1. Exactly one of (1) modelled with pLDDT of 90 or more; (2) surrounded by 13 or more Cβ atoms within 10 Å (Cβ to Cβ); (3) among the hydroxyl-bearing types (Ser, Thr, Tyr) is unmet by TYR43. Its number?
2. For residues that are under 17 Å from the mean Cα position of the chain (by Cα) and part of a loop (DSSP other than H, G, I, E, B), tally how many sit in segment 1-54.
Amino acid sequence: MGDFNREQTVVCRKPHRCDWCGEGIEAGQQAVSGAGMFEGEFYSYHIHPECAAAIARDSDIDDMWPPEYQRRGMTQRETDEAQVVEDQTQRGE
């Protein structure tokens, strides 16, 4: 059986955790739901619509998402840049 991915926008019937940013997705909220098979392993996910948009514009993502959570609606690069600014602000730079 080959690799595949099915993705659709849904209204959640139960709470989920966004697999991109780690924040909650409450019942009744829209989410992008996906399921598929990659290299013989089944997977499924729920992500915020704004996190799906971040993934779509992140040119650094190929087949695998980064192992750590990103900020809601931000690419990995945007998350890293925001963290640098916060660190500089905390140090008073």
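1. Single failed check for TYR43: (2).
2. Matching residues across segment 1-54 total 11.
The values are calculated or read from the model by the stated rules, or taken from the named source; none is laboratory data. Predicted model, so just to flag it, every value in this text is computed and none were measured. When we count neighbours, we look across all protein chains shown, and the Cβ atoms used for this are built from the backbone with ideal geometry, even at glycine.
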